[in-house]
Amino acid sequence: MSGEATPHPRLARRLGRFDATMLVMGGIVGAGIFVNPAEVARHVQTPALILGAWAVGGLVALVGAFVYAELAARRPEVGGQYAYLRDAYGPTTAFLYGWSLLLVIQSGGMAAVAITFARYLGELVVLPASHAAVAAVTLALLTLVNCLGVRAGSNVQSALMLLKIAAIAALVGVGWSVSPAPAVASDVAPPLEFMLPAFGAALIPVMFAYGGWQTTSFVAGEMRNPGRDLAWGLMLGVIGVVILYIGVVAICVHALGPAGLGASATPTTDVMRLALGPKGAAFIALGITVSTLGFLSQSMLTAPRVYFAMADDGLFFRGIARVHPRTKVPVFAIMLQGAVATVIAVSGQFGAILSYVVSVDFIWFGLTGLALFIFRRRDPARPSFQAPWHPFSTGLFVAACWIVVAATVYTQMLNSLIGFAIVLAGLPAYAYWSRRSARERA
């Protein structure tokens, strides 16, 4: 790229409501919906409970979108959730969020999805290199696209999201042609004392599959009217994904039955194979390939804005806050995200890192929900959007987040503790950056 980067951050506001909606949907829909229905069915074995888990997860995601929409209306700033946490709790909490995003939440997820993309691409074409090498090249290409400008990155992401919607709609439509699976004994609901813990465990993969909508807030500083467009994008995007997810789960239950769904390693592939034979399995491989690529594109567009905001606050390398004078994007922040995700993908450690994600991610969700109570108390003025039914809806969202954290800690104690340790390891880094920033200001 030509030209020298300027040390004065000036991001271009080029995104609108459609872009926000596609970003929200693209941040949620990855590979999870093609696999996680089986994981849920292994915990709860009746159609009502399986569909109920996905409906509850969708309700929590929608209530969370309401909360984030009001936060966006109150603080339409670069970094989104990072800015909400910083302004509510101070820079230490915000830094630890950015730290965990870079080392655990976003980069680990991107590495795993990049490997998944390479694996499914390998089912469609003969790859000339290993899965890790293909993942690295894919991440490098998406890094380059997003360095060309936010408009270029958004256009690629939107096109991929529309292809995802088409693939999922085809899956749902074709899936209904399969004869219903016969009911078996396990389709009977268990006693209440066994059902509640099982339902709580089923919500963990559901909430993981619904995660990602909050990342669109990171690009608030590049939206033409973030207070309006981000709020609408969050609501429309989450509602759209809930409809898609319920449709996929319903056809999986219809075609495979709860027992068959729980026994399947690749439920959507099994459904399409029943409907169309080998061509159906190939179609799902293509759908997952597009879906994972779209998720990677969205992640590469959104997450670097958090590192940009951290650097702009003086809590990270100053170069990360530089904006290219022509493309108006934080190229070094984008390159950092691509590099970290690539290292994790090539190292093969993404599986371990992913096991730390849920407990860490939902702590930040809960704290962000509580931030709305803080902002309303500090500033009672009505923003352009207010979360419906607050404080009850916001309280429900926060409670659901803590329940997911508690369930994850209970079922995955060691992984959760490792995730918390990685977050706390950011405290010495924060002390270093804050002292350095103070010296520069003196």
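The values are calculated or read from the model by the stated rules, or taken from the named source; none is laboratory data. All values derive from a computational prediction rather than experimental measurement. No Cβ is skipped: glycine too gets one built from the backbone with ideal geometry, and neighbour counts run over all protein chains shown.
Return the residues of the range 126-182 that are of a type in the set (D, E, K, R) and buried (at least 18 other Cβ atoms within 10 Å of the Cβ); say none if nothing qualifies.
K164
Whether any residue in the range 118-141 is touching a Pro at 6+ places or on another chain (Cβ under 9 Å) and modelled with pLDDT under 85 is what I want to check.
There is no residue in the range 118-141 that is touching a Pro at 6+ places or on another chain (Cβ under 9 Å) and modelled with pLDDT under 85.
Pick out the one residue from A352, A341 that is under 23 Å from the mean Cα position of the chain (by Cα), part of a helix (DSSP H, G or I), surrounded by fewer than 20 Cβ atoms within 10 Å (Cβ to Cβ) and among the hydrophobic types (A, V, I, L, M, F, W, C).
One residue alone meets the criteria, A352.
Would you mention how many residues in the range 79-95 are touching a residue at least 12 places away in the same chain (Cβ under 8 Å) and surrounded by fewer than 22 Cβ atoms within 10 Å (Cβ to Cβ)?
6
Go over the candidates L261, L230 one by one and state the one that is crowded, with 23+ Cβ neighbours inside 10 Å and closer than 19 Å to A20 by Cα.
Every option except L230 fails the conditions.
Could you check the range 359-408 and list, in sequence order, the residues that are farther than 19 Å from Q81 by Cβ, among the aromatic types (F, W, Y) and in a helix (DSSP H, G or I)?
Within the range 359-408, F392 is the sole residue that qualifies.
Identify all residues within the range 411-428 that are under 20 Å from G108 (Cα atoms), of a type in the set (A, V, I, L, M) and assigned to a helix (DSSP H, G or I); write none if there are none.
Within the range 411-428, M413, L414, L417, I418, A421, I422, V423, L424 meet the criteria.
Within the range 290-309, can one find any residue that is surrounded by fewer than 23 Cβ atoms within 10 Å (Cβ to Cβ), of a type in the set (V, I, T) and either within 13 Å of I168 (Cα to Cα) or under 24 Å from the mean Cα position of the chain (by Cα) (or both)?
Within the range 290-309, one or more residues are surrounded by fewer than 23 Cβ atoms within 10 Å (Cβ to Cβ), of a type in the set (V, I, T) and either within 13 Å of I168 (Cα to Cα) or under 24 Å from the mean Cα position of the chain (by Cα) (or both).
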